[in-house]
Amino acid sequence: GAGVSQSPSNKVTEKGKDVELRCDPISGHTALYWYRQSLGQGLEFLIYFQGNSAPDKSGLPSDRFSAERTGGSVSTLTIQRTQQEDSAVYLCASSLRREGAGEQFFGPGTRLTVL
Amino acid sequence: AQSVAQPEDQVNVAEGNPLTVKCTYSVSGNPYLFWYVQYPNRGLQFLLKYITGDNLVKGSYGFEAEFNKSQTSFHLKKPSALVSDSALYFCAVSAVQTGANNLFFGTGTRLTVIP
């Protein structure tokens with residue numbers, strides 16, 4: 001079956017512009033995660049959605065970052081007034097199980113470059 | 001707070017030799033432990049996980065890992081390395097007691113298998 005897909009695969013933007021990154025999780029997966037992977041860094045947790053529950057936003061680095069998940073499926077991560085330090089690969093993952101034991105399936109990521 | 005340490009940024013091993021990629025963790029209570037692999041221009045792929053039970057877990061592509069509670073380690077191993085194993089490997093942990101759903105990742109270890 002289809003895996004997690006993300007678009008665009010690459011995004012180059014100018015400092016101060018807003019960007020939207022999209023994630024299509026695996027059908028039937030109720031949990032959806034966003035992570036950020038910076039050069040030389042591990043993956044940094046950003047936000048977690050589970051069904052219709054309020055999202056866990058504890059990893060968002062600033063109020064310029066927000067995310068939504070419509071209809072329990074597709075998710076959009078929005079970064080407002082982008083800064084150069086926002087340059088990274090943004091990864092989306094989904095899982096079937098709510099608990100932390102569930103295997104997460106990752107998309108290929110969106111490489112964001114802020115000039 | 002949860003954390004993962006991968007002490008080696010780079011591991012080189014000759015093809016056919018055994019390989020070990022090290023991981024230690026810190027978590028309150030019992031951990032769920034994972035290994036993921038990232039091939040160039042690909043998303044992260046799940047290799048294996050430890051939830052409970054047998055300390056030695058076997059995963060994809062002939063990899064295995066041993067959970068050692070006293071040493072808080074979860075080293076990844078393979079008896080005979082292949083050139084195709086060359087990739088970036090991430091160890092991750094989530095905490096059972098806190099109910100945390102997101103994974104905490106190490107900074108990754110780049111494995112190079114030399115023909």
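The values are calculated or read from the model by the stated rules, or taken from the named source; none is laboratory data. None of these values were measured; they are calculated from a predicted model. For neighbour counting, all protein chains shown are included, and Cβ atoms are generated from backbone atoms with ideal geometry for every residue, glycine included. To get the accessible areas, we keep the full protein, side chains included, count just its heavy atoms, and leave off ligands, DNA and RNA. Shrake-Rupley method; radii C 1.70, N 1.55, O 1.52, S 1.80 Å.
Listed values, structure above:
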quantity: B:LEU48, sole failed condition from (1) aliphatic (A, V, I, L, M); (2) out of contact with any helix residue (DSSP H, G or I) (no Cβ under 9 Å at 6 or more places or on another chain); (3) without any contact (Cβ under 8 Å) to a residue 40 or more places away in the chain; (4) within 11 Å of chain A (Cβ to nearest Cβ); calculated: (2)
quantity: The range A:6-19 - residue that is assigned to a strand (DSSP E or B) and surrounded by 12 or more Cβ atoms within 10 Å (Cβ to Cβ) and, of those, nearest to the other protein chains (Cβ to nearest Cβ); calculated: A:GLN6
quantity: Single residue of B:ALA92, B:ALA81 found to be in contact (Cβ under 8 Å) with a residue 60 or more places away in the chain, surrounded by 21 or more Cβ atoms within 10 Å (Cβ to Cβ) and in a loop (DSSP other than H, G, I, E, B); calculated: B:ALA81
quantity: Count of residues meeting criterion [in a strand (DSSP E or B) and open to solvent by 60 Å² or more (accessible area, probe 1.4 Å)] in the range A:62-112; calculated: 3
quantity: Only listed residue being in contact with a helix residue (DSSP H, G or I) (Cβ under 8 Å, 6 or more places away or on another chain) and modelled with pLDDT of 90 or more, chosen from B:LEU19, B:LEU33; calculated: B:LEU19
quantity: Condition met for A:LEU43 (of a type in the set (A, V, I, L, M), under 27 Å from B:LEU47 (Cβ atoms) and within 11 Å of chain B (Cβ to nearest Cβ)); calculated: yes
quantity: Enumerated strands (runs of 3 or more DSSP E) restricted to the range B:25-70, each holding at least 1 residues that are open to solvent by 40 Å² or more (accessible area, probe 1.4 Å); calculated: B:44-50, B:56-58, B:64-68
quantity: Scope the range A:24-61; condition hydroxyl-bearing (Ser, Thr, Tyr), open to solvent by less than 40 Å² (accessible area, probe 1.4 Å) and not in a strand (DSSP E or B); matching residues; calculated: A:SER38
quantity: Flag for A:GLY3 being touching a residue at least 12 places away in the same chain (Cβ under 8 Å), open to solvent by less than 50 Å² (accessible area, probe 1.4 Å) and under 12 Å from A:PRO108 (Cα atoms); calculated: yes
quantity: Which numbered condition A:LEU115 fails, given (1) open to solvent by less than 30 Å² (accessible area, probe 1.4 Å); (2) more than 14 Å from chain B (Cβ to nearest Cβ); calculated: (1)
quantity: Output for the range A:46-77, where each listed residue is closer than 16 Å to A:CYS92 by Cβ, within 12 Å of chain B (Cβ to nearest Cβ) and hydroxyl-bearing (Ser, Thr, Tyr); calculated: A:TYR48
